[in-house]
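Only one structure is covered here, and it is reproduced in the block below.
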Amino acid sequence: MKYAFYPGCVAKGGTPELYQAMTAVGEKLGLELHELTGAACTGAGVITERDPFAGDVVNSRTFAMAEQLGLPVMTICSTCTGVMMGVKGRVDAHDDYRERVNQLLADEDLHYSGQTDVKHLLWVLVEDLGLDKLKAMVVNPLQGMRLAPFYGCYVVRPSKDVDPLRLGRMGYLEKVIEALGAEPVEEYRGKDKCCGFPLLETNRRGSLALTGKRLAEARDAGADALVTPCPLCHLNLDGQQPETPEAGRVDAMPVMHLPQAIGLAIGITPERLGLHRHIIDTKKILAKVAVAG
Amino acid sequence: MDIKLKVRRQNPEADDKPFWKDYAVEVPEYYTLLDALLKVREEVDETLALRCSCRSHICGSCGMRVNGHAALACKTKLSDIDQGAVTVEPMGNMPVIRDLVVDLEPFWNKLYSIKPYLQPATDPPEREYVVPNDTMFHLDGVVNCIMCGACVSDCESLSVNPIFIGPTALAKEYRFVADPRDAADRERLTQMNGPGGVWDCTHCFQCVEVCPKDVAPMERIMAMRRMMMDMGMEQNNGAKRANAFMDLVGSYGRLDETRLLMRSVSGLGELMSFSKVGLRALWKGKLPPLRPHRIAGAPAVRRILERARNQRPRRFKVHQAQEEGVRA
Ligand code: SF4
Ligand code: SF4
Ligand code: FES
């Protein structure tokens with residue numbers, strides 16, 4: 001399985017452990033990842049907020065680069081994924097509009113035909129690799145661990161953009177957690193809600209209140225940790241956790257990136273997964289894995 | 001088919017807490033959730049309180065939460081949703097009057113506060129207003145709002161920030177701001193630029209997802225942010241973030257969260273409160289590079305951003321056109 005790999009800015013900036021974990025996990029799962037080093041930021045919705053046309057062109061540029069390689073794009077960020085799927089919704093379907101977009105790409109001899117597929121790692125696991133295959137690779141099942149799925153808004157909404165064929169992508173994270181041998185916390189109400197990140201600069205109090213709410217819901221549902229396919233959610237849930245109204249509670253809530261959870265189960269060391277680089281200590285999880293393993 | 005409904009009920013005058021009540025009914029395949037609830041009320045439990053009128057997704061009175069998210073009961077076909085057990089709850093972000101009936105007064109008050117009527121610059125023309133077709137197309141979705149409150153029910157920001165004016169009122173505000181006949185757009189936008197306005201939206205797409213009429217409130221909110229910035233209302237963290245974002249991506253082709261944050265927040269106090277978070281990250285080896293890494297092709301990205309900006313469409317306003325002597 002080959003992909004044009006789009007890591008996104010945060011995996012190479014604020015959450016370097018995600019990039020590190022993905023590289024290790026990709027190798028072991030047999031995913032051939034060709035990194036798009038020349039691709040620009042998706043804009044995380046902010047370029048689109050300021051100038052929707054610019055957002056569409058910048059992302060189509062990325063799709064055109066993948067098209068040159070003849071590969072689908074693979075992302076590891078819910079936000080990147082959502083932005084790209086939204087752009088595809090506008091650009092793929094309308095030939096005239098795509099032509100306008102392509103005019104701005106011509107400078108670099110790029111052209112987007114409207115065909116590039118975009119998939120988050122989470123979708124790759126279920127739709128391309130297959131859960132059975134994933135299960136077969138587990139050497140260190142995360143038994144006895146209750147993991148709360150935390151999707152990140154943009155990988156599940158708007159569903160018409162991110163799940164146009166109605167494959168039930170909202171639900172994949174629970175399935176993956178199960179395949180890793182852990183117990184998904186099905187009743188976790190926060191799973192498809194907002195982590196507060198987009199409000200961080202404009203209403204910090206509201207932002208942290210949302211983060212705190214999501215953490216409290218996880219604790220109330222008896223989760224040992226959260227698992228998220230979105231590094232921006234991670235920045236708030238982990239990085240800002242000490243600042244939330246929930247902080248200071250004895251049982252701080254560790255937050256794993258999706259590839260880290262996979263890595264633990266398929267036998268990659270916590271060090272290589274960068275689990276020591278979190279703000280909230282992950283020892284609690286590691287102790288459980290050690291007992292189970 | 002047999003269907004199980006798990007309904008959250010409460011009579012605030014008598015019960016301290018809401019409680020769950022299960023109902024099992026047999027219904028035909030084509031039934032909607034509303035049909036099933038009415039059957040329960042008629043045949044099983046006449047004390048169940050709910051609101052409805054048109055039964056054909058027009059009146060907007062049957063909003064409730066179905067399996068965790070707001071929907072119109074009369075638009076929800078039972079055969080389309082998980083039939084293990086359907087959970088039914090009153091809408092969120094609104095006080096419960098009884099069972100599935102919520103108090104809409106705060107909802108209406110927010111809507112009235114935006115002056116939901118046309119404010120033209122001059123007396124209306126003798127005959128009809130004349131406006132080009134394409135200046136009205138984008139209002140197509142937004143005028144379809146039936147004020148059911150589903151978007152407000154599931155609004156994430158509102159759940160932690162009661163002064164946020166919310167998606168229904170903001171979608172309505174856009175409906176007038178973007179109407180070529182309305183002349184109060186600067187005033188409207190100035191008001192929405194403050195606390196409780198457009199910058200308090202957390203961009204979560206919940207309102208877009210649950211709206212039964214494709215009004216897409218969040219998209220309207222983003223459009224108003226854009227209009228404000230284009231009008232020069234740029235002295236707030238949101239506009240600063242947007243401009244800094246464009247600038248950073250224009251320079252490096254990629255984002256640098258630390259620099260974005262530093263350029264988006266105002267004042268030393270705010271910066272200091274973020275610096276604690278930054279120091280902790282530093283301690284864990286998440287040091288941001290002194291100079292952000294520049295992607296190959298960064299200059300091309302800058303050119304794209306600049307050229308796209310020049311293609312931004314001009315807004316059409318009847319009164320401006322009149323002043324400038326332009327014929328519609
Ligand atoms: S915008 Fe949509 S969800 Fe919100 S009140 Fe109007 S019709 Fe209902
Ligand atoms: S996108 Fe904004 S207005 Fe819509 S539900 Fe989320 S916070 Fe509320
Ligand atoms: S009863 Fe009128 S919208 Fe449902």
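The values are calculated or read from the model by the stated rules, or taken from the named source; none is laboratory data. In this text, all values refer to a predicted model and were calculated from it rather than measured experimentally. Counting neighbours? That spans all protein chains shown, and the Cβs are built from the backbone with ideal geometry, glycine included. Note: accessible area is taken over every heavy atom of the protein model, side chains too, but ligands, DNA and RNA are not part of it. Shrake-Rupley method; radii C 1.70, N 1.55, O 1.52, S 1.80 Å.
Side notes on the structure shown:
- Scanning region B:147-176 for residues that are under 17 Å from B:Arg65 (Cα atoms) and hydrophobic (A, V, I, L, M, F, W, C) turns up B:Met147, B:Cys148, B:Ala150, B:Cys151, B:Val152, B:Cys155, B:Leu158.
- Among the conditions (1) surrounded by 15 or more Cβ atoms within 10 Å (Cβ to Cβ); (2) within 24 Å of B:Leu189 (Cα to Cα); (3) more than 7 Å from chain A (Cβ to nearest Cβ); (4) within 16 Å of ligand 2 (Cβ to nearest atom), B:Arg263 misses just one, which is (4).
- Residue among B:Ala183, B:Ala169, B:Ala121, B:Ala216 that alone is touching a residue at least 24 places away in the same chain (Cβ under 8 Å), among the small types (Gly, Ala, Ser) and within 14 Å of chain A (Cβ to nearest Cβ): B:Ala216
- So B:Pro95, is it more than 29 Å from A:Thr79 (Cβ to Cβ) and away from ligand 1 (no atom under 16 Å from the Cβ): yes
- Where helices (runs of 4 or more DSSP H) fall wholly inside region A:32-148, the ranges with 2 or more residues that are open to solvent by less than 60 Å² (accessible area, probe 1.4 Å) and either without any contact (Cβ under 8 Å) to a residue 12 or more places away in the chain or outside the structural domain of A:Leu165 (by TED's automatic domain parsing) (or both) are A:46-50, A:52-69, A:78-91, A:95-105.
- Among (1) within 16 Å of ligand 2 (Cβ to nearest atom); (2) open to solvent by less than 50 Å² (accessible area, probe 1.4 Å); (3) facing chain A (nearest Cβ under 8 Å) - the single one B:Val249 does not satisfy: (1)
- Exclusive hit being open to solvent by less than 10 Å² (accessible area, probe 1.4 Å), of a type in the set (Ser, Thr, Tyr), under 15 Å from the mean Cα position of the chain (by Cα) and at pLDDT 95 or above, set A:Thr211, A:Thr228: A:Thr228
- Among the candidates B:Glu270, B:Glu234, residue that is away from ligand 1 (no atom under 16 Å from the Cβ) and more than 8 Å from chain A (Cβ to nearest Cβ): B:Glu234
- Contact annotation: residue pairs with Cβ atoms under 8 Å, 6 or more positions apart or on different chains, pairing a residue in region B:142-160 that is closer than 23 Å to A:Ala216 by Cβ and more than 11 Å from ligand 3 (Cβ to nearest atom) with a partner that is open to solvent by 30 Å² or more (accessible area, probe 1.4 Å) and acidic (Asp, Glu), are B:Asp154/B:Glu209.
- Within region B:60-74, the set of residues being over 20 Å from the mean Cα position of the chain (by Cα) and either within 16 Å of ligand 1 (Cβ to nearest atom) or of a type in the set (Phe, Trp, Tyr) (or both) comprises B:Ala73, B:Cys74.
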